[in-house]
């Protein structure tokens, strides 16, 4: 029997969905300039509270570090907002070509969104900005472990947005939160799209709803250091990326694959920059923090620093340790270091050359079948090209920290906090989710060619230019034949 909290959550889900459907109809009539005005007000309001929200989310979840969460909050309020400025998403879109076609962007309707406990504030802000930018209503189901932080940032955004004219009901959230209420939102007839970022436990329920699904998650991707790379920079990039927010970024590296001829130098640079190579016993104790003997995940080690993990696992690492590294030879489903570790811990593989490294990266990417990002550190264009052609991955990053490059902070990818995992069949897109993923495009095409000839009983098609030329040529030839025939008779 359902508990009272479940019944209340289901009832509120229905009320929220019905209110959102009516409110979104009014929002859909807003011009792009009005939607942009609301987005600017929302981003401004969050930016004023960015540090408060970063500290609150770290204290509530006990994941990561607030300084890096602040960087993510500011990334959304500044860099994502900048990318949205001037972009036309609804109404008549900018024309190209010869004017024989134009496109119209149409809001999807009501979006149901879930944000991860690892980046609750920045992901929620990102999703809300994209939804309002595209004229959609959005309903959030806050993560239970980050509900206070998510509710706080939604209150800030809703207050600023409604002052600028956002219809009441377009930005709302489930409270009380329960799985039953979230599933009711998924299944509700007015729900047009589910946007699920990093909440693995609700993925199957979202799929069962039958609604279009954008699923964003962590990448479990490797970083390959090829012999031509700038080794100092490659190692610096990997350590900066994997220690950012204590390894919680969705595109952050999970393993390093190294060209054998530079192995010794890479190890030296890693140790010089704060990495500690564990022995076999130490690596087993660290793995036990993340996984139970039956393979189930434990959450107590997620988002901890390398120093904290070393203390808990009795690893004799130096006090200044930044990264824990485990030497591995093979990829196997039962090996915990072939799985995703949301912490500053990396597996380390050595391969004879880039061809073998290529195969190792494919094994790693397919091991948990949810990998979406791969990094290559190389100055050999042909190696980069071959990796781009062969890897089962949504984004290939080159010579950049994966955590920052994947979200578009250090690359020209669209800046985003939701990185699609469609390559593994976990949603409808592999994109860095942008406003154009939240609209459908109506194509408008003008007639520029005549109707082709009809079937039996149809009227004859108009003579085309080519047919007219052929008929004229036929007439000339016929006249020439007549002249030749008449001359022969006279002769």
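Go through the residues of region 146-156 one by one and say whether even a single one is assigned to a strand (DSSP E or B) and touching a residue at least 60 places away in the same chain (Cβ under 8 Å). No, region 146-156 has no match at all. The requirement of being surrounded by fewer than 16 Cβ atoms within 10 Å (Cβ to Cβ), assigned by TED's automatic domain parsing to the domain that holds residue 438 and within 30 Å of residue 342 (Cβ to Cβ) is not satisfied by residue 101. For region 26-33, does any single residue satisfy the condition of being in a helix (DSSP H, G or I), more than 25 Å from the chain's Cα centre (by Cα), crowded, with 17+ Cβ neighbours inside 10 Å and at pLDDT 95 or above? Yes, region 26-33 contains a residue that is in a helix (DSSP H, G or I), more than 25 Å from the chain's Cα centre (by Cα), crowded, with 17+ Cβ neighbours inside 10 Å and at pLDDT 95 or above.
Looking at region 115-136, is at least one residue closer than 17 Å to residue 52 by Cβ and exposed (fewer than 15 other Cβ atoms within 10 Å of the Cβ)? No, that holds for no residue.
Within region 434-453, at least one residue is part of a loop (DSSP other than H, G, I, E, B), within 30 Å of residue 198 (Cβ to Cβ) and modelled with pLDDT of 90 or more.
Of all residues in region 363-389, those being surrounded by fewer than 19 Cβ atoms within 10 Å (Cβ to Cβ), modelled with pLDDT under 95 and under 23 Å from residue 263 (Cβ atoms) number 2. Residue-level analysis places residue 193 among those that are touching a strand residue (DSSP E or B) at 6+ places or on another chain (Cβ under 8 Å), assigned by TED's automatic domain parsing to the domain that holds residue 22, touching a residue at least 40 places away in the same chain (Cβ under 8 Å) and not in a helix (DSSP H, G or I). Look at (1) within 27 Å of the chain's Cα centre (by Cα); (2) under 17 Å from residue 238 (Cα atoms); (3) free of Cβ contacts under 8 Å to residues at least 60 places away in the same chain and you find that residue 255 fails only one, number (3). Scanning region 46-75 for residues that are in contact (Cβ under 8 Å) with a residue 60 or more places away in the chain and buried (at least 20 other Cβ atoms within 10 Å of the Cβ) gives 46, 53, 54, 56, 57, 61, 63, 64, 69, 72, 75. Residues that are assigned to a helix (DSSP H, G or I) and farther than 28 Å from residue 247 by Cβ are absent from region 104-127 altogether.
The values are calculated or read from the model by the stated rules, or taken from the named source; none is laboratory data. Given the structure is predicted, the values throughout are model-derived calculations rather than measurements. Here the Cβ is made from the backbone with ideal geometry for all residues, glycine too, and neighbour counts use every protein chain on show.
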